[in-house]
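The values are calculated or read from the model by the stated rules, or taken from the named source; none is laboratory data. Values in this document were obtained by computation on a predicted structure and should not be read as measured data. Note: ideal-geometry Cβ built from the backbone for every residue, glycine included; neighbour counts use all protein chains shown. The accessibility values were calculated without ligands, DNA or RNA, using every heavy atom of the protein model including side chains. Shrake-Rupley method; radii C 1.70, N 1.55, O 1.52, S 1.80 Å.
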Amino acid sequence: MISSSELKIQEPQIWSWFLNQWVCLVYRYKLIEFLAEEASQSNGVHREIASVKYEFESIQSFLKEADKIMTTSGGDNHSDGFRTWVKQFREEAFHIEDVIDAYIFQKTKRSHGDRIIPIGVFYQFYRLVKNYKFRHDMISEIKNIRLTVCEIKERSERYRFEFNLLEQEGSRTQAQNRMWNDPRMASIFLEEADVVGIETPRSQLVGWLTTGSSRRTVISVVGMGGLGKTTLTKKVYDDHRVTCHFDCLAWVSVSQSYDMSVIMRTIIKQFFKARKELMPEGFDTTDEELLIRFVREYIYHKRYMIVFDDVWDLDFCGIIEHAFPDNNKGGRIVITTRIKDIAIFCKRSSFVHIQELQPLPAEKAWELFCRKAFQFDSEGKCPPPLMKLSLEIVDKCQGLPLAVVSIGGLLSTKDKVVSEWQKLKDSLSSELESNPHLVGISKILSLSYQDLPYDLKSCFLYFGIFPEGHSINCARLVKLWIAEGFIKSRKDKAIEEIAQEYLTQLIHRSLIQVSLVSFEGKARKCGVHDLFHEIIIKKMEDTSFCLVLRDEYECSHFHGRTRRLSINRCSLAALADIKHSPVRSLFMFDTEEFPQKLLLTLLANFKLLRVLDFENSSVAHLPNDVGILFHLRYLSLRNTKVDNLPKSISKLQNLDTLDLKNSMVYEIPKQINRLLNLRYLAACRYDYDKDFGFTTERGMKIQEGVGRLTTLQKLYHLEANHGGTKLISELRNLRQLRKLGIKHLRSEDGRILCTSIEAMKHLESFEVSSLSEEDFLDLNSITSPPKSLRRLYLRGQLRKLPDWIGKLENLVKVRIFWSRLKNSPLKALENLPSLLELGFSYKAYDGEELRFEEGGFQKLKVLKLKDLERLSSLVIEEGALLVLQDLQIGPSPQMKEVPFGIQHLRKLVSLRFINMADEFEASMDPKTGKSYGIVKHIPSVLISHKVGSKQDVYDTYNLQYHGNI
């Protein structure tokens, strides 16, 4: 029994218990109501999202069609109303994409994030209220989108921007295009004195036209717009050596829109006029087929030359191969084009010569500029006060004759005072759009952009994100395009291959300039002409593609929307006004400071980021909550001071690329193994303050579990000594790897690594180093190496060169370091059918002689024999190394004489000796050296001496030019 006194004591507790139970019942009742309403609302949101996706696809199709019509009608001359209409639809497409991605993010967050939190009734109620609000906001947002789309449509009808009026708009802009002064017409009539820098290509073209095979030959003059293709070809066409050589000649301008019947009539009229023959009647109404038949018959017994100027279409080449027969009379067809693929296409039915026109050298560009800018003043010479500004302006033209002539012509009308010229230099970007003297430059260069397929236009605009004059790593560019979703996947090809094809197309269309080429001939770095960069910046702003912030003015005066943000020499504090823009990609260039608070703000505002590129920036720390960027696909901390990755990186489930190269990050958190979509992981650091050595490069310490990342294509360099045997064993699961780099491999783990390598059927590049310079690499147990292997780098002692290397038919590059081989490895390598580069460096070979035998290394272009201390004799037999272009030797202190057989290397372009003995160098003295005759046929013979302790710092003397370089 409970006494009354005890009951009084417990009464408050009993009432509290009853009250708590009652509240719980109420909450549960409300919870059930919310659950029912949430289920209904959830289905409603799902339907709305599906519906708005269809709206997004429709807008994308509209934008693609609008772009096509704008392209065919001139691109930039449409009315402001039309451009505004298209811009409004484009920005609404951005809005839809943001809503869809926000929905995906929230849905994923619920399914993954909340499961680890204990679920109580109050928390459930809170979570349901929060989700209810999100869904309610989402439905309201979608309703607003639909309303906005309807309003845009209504405005288009009200102001007569109907889609079916686009064709009329196109016709009107075509008429406008005919009104601008096309400088290409003037280039046909240039006087000889107004042309510079074409002597060499002109001589070559005349030779191809008047000598050589009697078979039909197609000669293509290829280069970017404004490079002088038409000018050069017209000078050759009018050359008396050419006109006297042919029985009939014709010149036809083709351009992007052409009528084959009109072209054939033009050719016939020129033939008859040149030979003073009467034109047959009825040709003005004859159809295309009969015209082609007539031309074939007319020229069948004649030596003909026909120039097709400004060809854009591959199909055009197919037509002309049928219209102009191979009559064995020495017929020549000349094509000028910006598109290299057109020249290549002609190879299927004709002999082909390709003249790739290059920009003017600096001295020729200066000569041309002075002729135009000072043609009526100062006796054609630049006055000293204007010299510095003039050189800067010419440098901006980067050897493009059209730009030099146009800007020089404009300056010839200005007063010859510094203030006037400075004003033009500072406002050149806006002058290109508005000044009648310069608008032709923009229009001619823009033609190449307009001719691009729709999917390639975004890839090309990406060059505007980088600062002017920036040389861009092609591998970086390709990964960015993939992260942005520009590359459409296909069943039969890896997405990287397709992206590489896109890059090749842009190169072949003369839109981008390759600044560095690999030993295989592939583009390594590229960029765009400075004037093209200005045009791209304008197009990016017009299409909300990217905002480039180069100064405080641009920061403070931006009030629109942009998809990408490129910060270049701009105060970061000025970014406050941009936080509401739907930015998906963020780039940092040349920023001296990067406050941590600002980085937190940027990430909080731009939660839908796909690309975060901090390469070469001053970022020193990655925020702990970087994991909120669920849609992030590309994260680069290359060349930054970041030394740690937060654990939240495991939440970046869509991450494709993680680039930590030359950052301070050493230890990779074990949570990285949750990134199941990761394809590219690079983390290594070079110490450039030290001379190249075994410890110059450091990899990354990675935990067990890396075998879960089965989508990885590139992984380098992991430190094998930290993960042990289990880590090496896990690598066999990475069957999609194309590139693998391993540091500090223990000798006892070699056999396990060999087993893993055999499972990597797609491996193209493999680099491995031993635990130390004194340790051995055990790689002999590979019996079935990956057939796709193209590059092999071995660092560490080898008892012998592994036998499997000789089976690699696709191997193009082999570099071996510190292997201390006792026997010559050349016999095992000399018959590799694809080998282009070979190197033995830093005690790789301990023998005294290397002999390259006749018939060996038939494709080798580069040979490096560096720091082989005991090597005293190098013999090159006649018939060996037939196509070698680059040979580097030294230091080899025991070598006293120039290697015998170098005189046989007729393709050798560059020969370099490093830190050789004094008597060796003396033997090559051009005046007194007994060995100079062996090397005198080589264009560049370099004598180098190491300076200081840093890598690749040399004092170099060119024997052929007798001067330092």
From the cross-link list K800/K827; K153/K607; K861/K930; K807/K866, the entries with a Cα-Cα span beyond 21 Å are K153/K607; K861/K930; K807/K866
Between Y686 and K859, the FRET efficiency computed from the C-beta separation at R0 = 22 Å comes out, to the nearest 0.05, as 0.15
Expressed in nanometres to one decimal, the distance between label points 7 Å along Cα→Cβ at E878 and S203 is 3.1
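If a/c stays under 1.5 just call it rounded; otherwise compare a/b with b/c (prolate if a/b is bigger, oblate if not). Do that for the stretch 417-467, with a ≥ b ≥ c from the square roots of the Cα gyration tensor eigenvalues.
Working: a/c = 5.01, a/b = 1.98, b/c = 2.53.
Verdict is oblate for the stretch 417-467.
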The answer for the stretch 183-356, accessible area per residue at 1.4 Å probe in Å², is 46
For 790-796, 228-234, 715-721, 83-89, ranked highest to lowest by mean beta-carbon neighbours within 10 Å, the order is 228-234, 715-721, 790-796, 83-89
In Å², rounded to a whole number, the accessible area per residue of the stretch 625-674 with probe 1.4 Å is 36
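I'd like the trypsin sites (Lys or Arg not before Pro) in the stretch 519-548 restricted to DSSP loop residues with at most 13 other Cβ atoms within 10 Å, sorted by number. Don't jump to the answer; show the numbers that get you there.
Details: sites: K522, R524, K525, K538, K539; in loops: K522.
Answer in residue order: K522.
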The alpha-carbon center of the stretch 626-649 and that of the stretch 709-759 are separated, in whole Å, by 24
Subtracting the Cα-Cα distance of A50 and T84 from 0.36 nm times their residue separation yields 9.5 nm
Carbon/sulfur accessible area of the stretch 183-356, % of total, 1.4 Å probe, equals 51
Rounded to whole angstrom, the alpha-carbon centroid of the stretch 789-820 lies from that of the stretch 374-393 at a distance of 58
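With a Förster radius of 35 Å, plug the Cβ-Cβ distance of S430 and T266 into 1/(1 + (r/R0)^6) and report the FRET value to the nearest 0.05.
FRET efficiency, S430 to T266: 0.35.
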Across the alpha-carbon set of the stretch 377-437, Rg over Rh with Rh taken as the Kirkwood radius works out to 0.92
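Want the number for M664 to K273: 0.36 nm per residue separation, take away the alpha-carbon distance, what's left? Provide the component values of the computation, followed by the final result.
Details: separation 391, 0.36 × 391 = 140.76 nm, distance 7.42 nm.
Roughly 133.3 nm would be gained on extension.
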For the K597, D315 Cβ pair and Förster radius 60 Å, calculated FRET efficiency rounded to 0.05 is 0.55
Sorted by accessible surface (1.4 Å probe, heavy atoms of the protein chains only), largest first, D310, D886, D287 come out as D287, D886, D310
In nm, the gap between the two label points placed 7 Å beyond Cα toward Cβ at T211 and E848 is 5.1
Listed by chain and number, the aspartates and glutamates with an alpha carbon less than 18 angstrom from that of K235, same-chain partners under 8 positions apart left out, are E191, E192, D194, E199, D309, D310, E356
Descending packing, highest mean Cβ count within 10 Å first, for 452-461, 814-823 is 814-823, 452-461
Here the relative contact order (percent) of the stretch 666-829, from C-alpha pairs under 8 Å and at least 6 apart, is 15
In this structure, among K107/K493; K641/K950; K68/K525; K479/K641, pairs with alpha-carbon gaps over 25 Å are K107/K493; K68/K525
So for the stretch 310-462, using the alpha carbon gyration tensor with a ≥ b ≥ c as root eigenvalues (a/c under 1.5 gives rounded; past that, a/b versus b/c decides prolate or oblate), I'd call it prolate
The answer for the stretch 847-964, accessible area per residue at 1.4 Å probe in Å², is 49
Of every hundred units of 1.4 Å-probe accessible area on the stretch 452-545, the number belonging to carbon and sulfur atoms, as a percent, is 49
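Would you tally the net charge around N958, using a Cβ to Cβ cut-off of less than 14 Å, leaving N958 out, and scoring K and R as +1, D and E as -1?
Working: positive: R912, K936; negative: E921, D925, D955.
Value of the local net charge: -1.
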If each part is reduced to its alpha-carbon centroid, the stretch 465-498 and the stretch 893-946 end up apart, in Å, by 43
Subtracting the Cα-Cα distance of L290 and S618 from 0.36 nm times their residue separation yields 111.2 nm
Counting Lys and Arg as +1 and Asp and Glu as -1 over every other residue whose Cβ sits under 14 Å from the Cβ of I943, the net charge comes to -3
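Can you tell me how the stretch 405-544 classifies by the Cα gyration tensor, rounded, prolate or oblate, using a/c under 1.5 as the rounded cut?
Values: a/c = 2.70, a/b = 2.16, b/c = 1.25.
Cα axes put the stretch 405-544 in the prolate bin.
Carbon and sulfur together cover what percent of the accessible area of the stretch 666-829 at a 1.4 Å probe radius? Intermediate results must be reported in sequence, preceding the final value.
Working: 2910 of 6670 Å².
The C+S portion of the solvent-accessible surface of the stretch 666-829 is 44 percent.
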Length-normalised contact order of the stretch 316-415, Cα under 8 Å, at least 6 apart, in percent, tallies to 28
Rounded to the nearest 10 Å², the 1.4 Å probe accessible area of I319 is 50
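Any idea what the relative contact order of the stretch 377-437 is, in percent, if you count C-alpha pairs under 8 Å spaced at least 6 apart? Please report the intermediate quantities before stating the final value.
Working: 23 pairs, mean separation 23.1, N = 61.
So the answer I get is 38 percent.
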Filtered hits (lysines, Cα-Cα < 18 Å from K302, offset >= 8 within chain) -> K269, K273, K276, K329
Placing each pseudo-label 7 Å from Cα in the direction of the beta carbon, D590 and E363 end up separated by a distance in nanometres of 3.1
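With a 10 Å radius around each residue's Cβ, average the other Cβ atoms per peptide and rank 398-407, 143-152, 630-639, highest first.
Working: 398-407: 24.7, 143-152: 14.3, 630-639: 22.2.
Ranked from most to least packed, the peptides come out as 398-407, 630-639, 143-152.
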For I487, I752, the accessible-area ranking with a 1.4 Å probe, largest leading, is I752, I487
